[in-house]
1. Need the full-extension length gain, W261 to H237, defined as separation in residues times 0.36 nm minus the C-alpha distance. One decimal, nm.
2. Based on DSSP H runs of at least 4 residues, each adding -39500 (n - 2.57), what is the mean residue ellipticity at 222 nm of the chain after dividing by all its residues, to the nearest 500 deg cm²/dmol?
3. Mind giving me the nanometre distance, one decimal, between the label points for V276 and L343, set 7 Å out from Cα along Cα→Cβ?
4. How do 173-180, 320-327 rank on mean C-beta neighbours within 10 Å, highest first?
5. Which of the chymotrypsin sites (Phe, Trp or Tyr not before Pro) found in the range 214-317 are loop residues per DSSP with 10 or fewer other Cβ atoms within 10 Å of their Cβ?
6. What are the ³J(HN,Hα) couplings of the range 339-350, residue after residue, when phi is run through the Karplus curve with 6.51, -1.76, 1.60 and θ = phi - 60°? Round to Hz, x for glycine and proline.
7. How high is the FRET efficiency from A153 to A290, r the C-beta distance, R0 35 Å, rounded to 0.05?
8. Report Rg (one decimal) and Dmax (nearest whole number) for the range 274-372, counting Cα atoms only, units Å.
Amino acid sequence: MSATTPVLPGTRIRPPAGKAGRTGPSGRLRALDGLRLIAALMVAAYHYGGRDGDVSRAWGASPRHEFPHLSAVFAYGCLGVQIFFVISGFVICMSGWGRPLRSFFASRAARLYPAYWAAIVLVTLVFALPWVTYRPVSASDALVNLTMLQQPAGAERVLGVCWTLWAEVRFYALFALFVVLPGATRRRVVLFCAVWTLMTVVTTASHVEFLRVVFMPEYASFFIGGVGLYLIHRFGHDALSWGIVAVSFLLGQHYAVVGLWHPPNPHYFSYRSPYVIIAVLALGYAAVAAVALGKARRLNWRWLPFAGALTYPFYLVHEHLGWVAIGGLHRGLGLPSYATFALTVALMLLLAWVLHRCVERRLTPLLRASLGGVRGRGGDGAGAGAAPH
């Protein structure tokens, strides 16, 4: 599994009208920014030290030999993607509430595409360098990747993590069609969650590929759980909203365990315990719930929005360009494994800052204005997951 989500580019919001709305002085849920960064670092730990494959070529050996005591821990980092999806459900419900369809579409496209296009171009160019041992995709496939629709089109992916963005796009489409287009109300959102939950198990039982693509049962529960937590954030405690969250967790952990667990076996890179998978997911849900309930208001540090702004570009570039950095630092310069790991993360965060400052801050407001038919730099910054996020 190549892990995230989309990760979420940003979480600036309009304060909700309900009694449970709790935001920081700047109008941000700053704790979500910090949580997104933690999830992104989890995914990076998985890609650098918790899996085998291409990263082994960068290290010159299996990561389990480079990190004999931590590789088993890093293997759980892929669950950062599921946590991203929970955050995405929360943020997209928040962002789409009371917003017309065109504005919602413009906001989503403007948040996802600028950094994504830059990452596609950057990784393609770096992999084309003669001293880089990783093979670039064909020119045709690279062009298809610019649409973010390469997976359904059957093209090879430039970014390994972009499978999570395809999941995010499908979530956006379902939410836009059934909630944003008719107008978001609590009743409509609850019905959306109930019907989508039912369709996930129907899809699993039917084995119909079309339904699997549309309703994505492996990941739907996490988006639904985030939506349920936003209902609690906006309207306060009630049994129905907590029921949505509880059912989403119970189903989500099932699909996560089925997809990620395997028994101890010499043919596998690592052993993942189903109990640890469940525990990590429970902690992720609990963290987002703490934000929803206003329990994380003390985590209102000024640097958290900056950290959140780096999360999405970091997520996009960290895997493939991280391989190049690891190879140069570890095999080229002879740095120890742990120093290489830390320095690679730092370099990818620095690159993410460059992309945010030079690409996102310039192109995002322009794209939003052109697609939304409005002037200026308005609009919220609530963004994708794994997503995007």
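1. Numbers: separation 24, 0.36 × 24 = 8.64 nm, distance 3.36 nm.
Computed gain between W261 and H237 is 5.3 nm.
2. Details: 17 runs with 244 residues, N = 389.
It comes out at -20500 deg cm²/dmol, rounded to the nearest 500.
3. Taking the two extended label points, one gets 2.8 nm.
4. Working: 173-180: 18.4, 320-327: 23.0.
Highest mean packing first, the order is 320-327, 173-180.
5. On the way: sites: F215, Y219, F222, F223, Y230, F235, W242, F249, Y255, W261, Y268, F269, Y271, Y275, Y285, W301, W303, F306, F314, Y315; in loops: W261, Y268, F269, Y271, W301, W303.
For chymotrypsin sites (Phe, Trp or Tyr not before Pro) across the range 214-317 that sit outside H, G, I, E and B with at most 10 neighbouring Cβ atoms in 10 Å, the list reads W303.
6. Here the 3J(HN,Hα) series is 5, 4, 4, 5, 5, 5, 4, 5, 5, 5, 5, 5 Hz.
7. Working: r = 40 Å, r/R0 = 1.14.
Here the calculated transfer efficiency is 0.30.
8. Answer for the range 274-372, Rg first and Dmax second: 17.9, 51 Å.
The values are calculated or read from the model by the stated rules, or taken from the named source; none is laboratory data. On a predicted model such as this, the values are computed, not experimentally measured, just so you know. Here the Cβ is made from the backbone with ideal geometry for all residues, glycine too, and neighbour counts use every protein chain on show. Heavy atoms of the whole protein, side chains included, go into the accessibility calculation; ligands, DNA and RNA do not. Shrake-Rupley method; radii C 1.70, N 1.55, O 1.52, S 1.80 Å.
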